[in-house]
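One structure is given here, and the rest of the page talks about it.
The values are calculated or read from the model by the stated rules, or taken from the named source; none is laboratory data. Just so it is clear, the structure is predicted and the values come from calculations on it, not from any experiment. Cβ coordinates were reconstructed from backbone atoms using ideal geometry, including for glycine residues, and neighbour counts include every protein chain displayed. What goes into the accessible areas is simple: the full protein's heavy atoms, side chains included, and nothing from ligands, DNA or RNA. Shrake-Rupley method; radii C 1.70, N 1.55, O 1.52, S 1.80 Å.
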Amino acid sequence: MSEKVEASSTGYDEHHGITMTHHTHDFLENEKTEVYDHTSDLAASLDGRPPSMHDGTKRGLSARHIQMISLGGAIGTGLFLTIGTSIADAGPAGALIAYLIIGSSVYCFMSCMGEMVSLLPVAGAFNHFAARFCDPALGFALGWNYWFSSVTIAAELAAAATIIRWWAYVMPDAAWAAIFLVIIVAVNCVGVRIYGEVEYWMCVLKIAIVLVFLIVSILVTSGAVGNEGVIGFKYWHDPGAFNGGAAGTISVLINAGFSFQGTEIVGITAGEAQNPSKTLPRAIRNVFWRIVLFYIFTIFMLGLCVAYNDPDLNNATGDATTAAFTLVFQQAGIAAGADVVNVVILTSVVSAANSDLYTCSRTLLGLSRDGLAPKVFMKTNRFGAPYVGVLVSSIVGFACVFVSIYSAEVAFGWFLSIAAITDFISWWGITFVFLRFRRAYVKQGRSVDKLPYKSWGYPFVPLYANVICLFVLFGQGYTAFTPTFDVKLFFENYIGLAPFFILLIGYKLIKKSKWVPMHECDFDTGCVSLREMEMEDDEEANKPMWKKVLHFIT
């Protein structure tokens, strides 16, 4: 069968469960491609007309929004509050190695995700692809697991209460959490363009403080400011470059992972991005430079400026007074450093909570469209916002805050460990699904050279990221086994894995879903067509010069 696909078709797979509406895409006209029955079985729970990949939502995120979200969206409490702890636990060289390992794997999985979302910019992103190209059970488990990690809105709201209390006690933590929750719910219910604009300016502030820190740290370590003279690599020699050897480096991999949490949000925005075949590849390419500048260079400079045995580096108080950035500002003689850092940290946690709520609601929307969540989560308001998902996620998040509100610091630490584990599961899932995606794409006779964005280094890049994620997931709890086995510590270290496996096995047993054969994998529904890409090229070429310059700067 080698005839060209014509017309649109709707299919329900009797074995796999995904509802799809199929469309003709003219970028296949000059390519001899076998046509398969791309029907799948993920929506046995859906009745009536199957939903489109974009029903209800609006493509309101411009290139400017996507670029800035990709640059600053993941900069948050992980970088500002816990980066010092990483150096204290592993030493400057050990922490740098840990961040290089995690940063390289993050770039690899983002490259993999970029190829998929550039071709298929749909809501739900990687959990949708898991159900579409692998098994609905995997999509179900990854989607709900990611929703659980996104509900760390509780951690961000709890942290916001802690930060404000550092200045003065004005009202209970629950009141502050409620105020911030109302704000971010409003932002997420009035349209994705407003969300994009709010995130844009918050990201600008976060990027600005990181750049200021880097400049100040260079001045401090070179002796241009402060009273310590030239520091250079002094602290790498005394007290040393490593603390705890290899074990110390391994121990901070989870902290490093938490610092990168949220990187994958670029993929979540695919379903609401304007000109996705252009803006998403650009954003993915920027990930490399963001990792190098905002994470690797930052932790390197911090390791030069502060000794790992500095008693304040661990940030035991959890506030801006002993945050690593503040210590460097104090060395430079900037008395207001703690206040400045506290303002930026507050902005960061509010931004993170805003993004968490966004990803929560879009994940539920994608799961609902795939028949893996109640249909009520598909409801959107006139602004294109999935308001039911926003409200449900916010209620659950606030309930988590309220339960733990007796001590916001304790809540933040608890959610930190759970969130980091679930994120590594999601990152593992992205690389695993991508391996299947590329194999099926080639097996169906399609040319990878015609993809809007082609991930480099296949298959070594996804395999590398996959192995790193597995190593962290199963190796991070090694302390439970030495010097003697500690049952309590074992469950504390590995409890984050339980929800994923319960969801995966439970769905398989109840729904009896089957693996999607590669020749049935659907690459047409929601696909970016050649005509759309040409229109985006024309729009780009016809931009006034001032807009091109502004785009380059931003």
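So the values come out like this:
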{"item": "Within-12-Å neighbourhood charge of Ile75 [Cβ basis; K, R +1; D, E -1]", "result": "+1"}
{"item": "Charge sum, other residues only, whose C-beta stays under 9 Å from Leu327's C-beta, Lys/Arg counted +1 and Asp/Glu -1", "result": "-2"}
{"item": "Gyration tensor verdict on the stretch 423-511 (Cα atoms; rounded if a/c is under 1.5, prolate if a/b is larger than b/c, oblate otherwise)", "result": "oblate"}
{"item": "Pairwise FRET efficiency - Arg285 versus Ile218, Cβ, R0 = 22 Å, nearest 0.05", "result": "0.25"}
{"item": "Among Gly303, Gln331, Ser277 the positive-end extreme of the charge dipole of the stretch 253-352 (Cβ point charges)", "result": "Ser277"}
{"item": "Val549 versus Ala335: modelled label distance in nm, points set 7 Å from Cα along the beta carbon direction", "result": "4.2"}
{"item": "Sorted peptide list for 297-304, 517-524, 130-137, criterion being average Cβ within 10 angstrom, highest first", "result": "130-137, 297-304, 517-524"}
{"item": "Packing-based order for 388-395, 114-121, 250-257, 509-516, using average beta carbon neighbours within 10 Å, highest first", "result": "114-121, 250-257, 388-395, 509-516"}
{"item": "Dipole of the stretch 174-324, positive end: most advanced residue of Ile291, Gly191, Gln261 [Cβ charges, Cα centre]", "result": "Gly191"}
{"item": "Mean Cβ count within 10 Å, highest first, over the residues of peptides 282-292, 235-245, 331-341", "result": "282-292, 331-341, 235-245"}
{"item": "Charge context of Gly114, other residues only, Cβ under 13 angstrom, K/R +1, D/E -1", "result": "+3"}
{"item": "Size of charge dipole - the stretch 282-385 - debye, nearest 20, with Cβ of Lys, Arg +1 and Asp, Glu -1, no other charges", "result": "940"}
{"item": "Three-way shape call for the stretch 485-529 based on the alpha-carbon gyration tensor, with the a/c threshold at 1.5", "result": "prolate"}
{"item": "Accessible area per residue, Å², the stretch 126-204 with all protein chains present, probe 1.4 Å", "result": "29"}
{"item": "Three-way shape label, the stretch 81-184, alpha-carbon gyration tensor, a/c 1.5", "result": "oblate"}
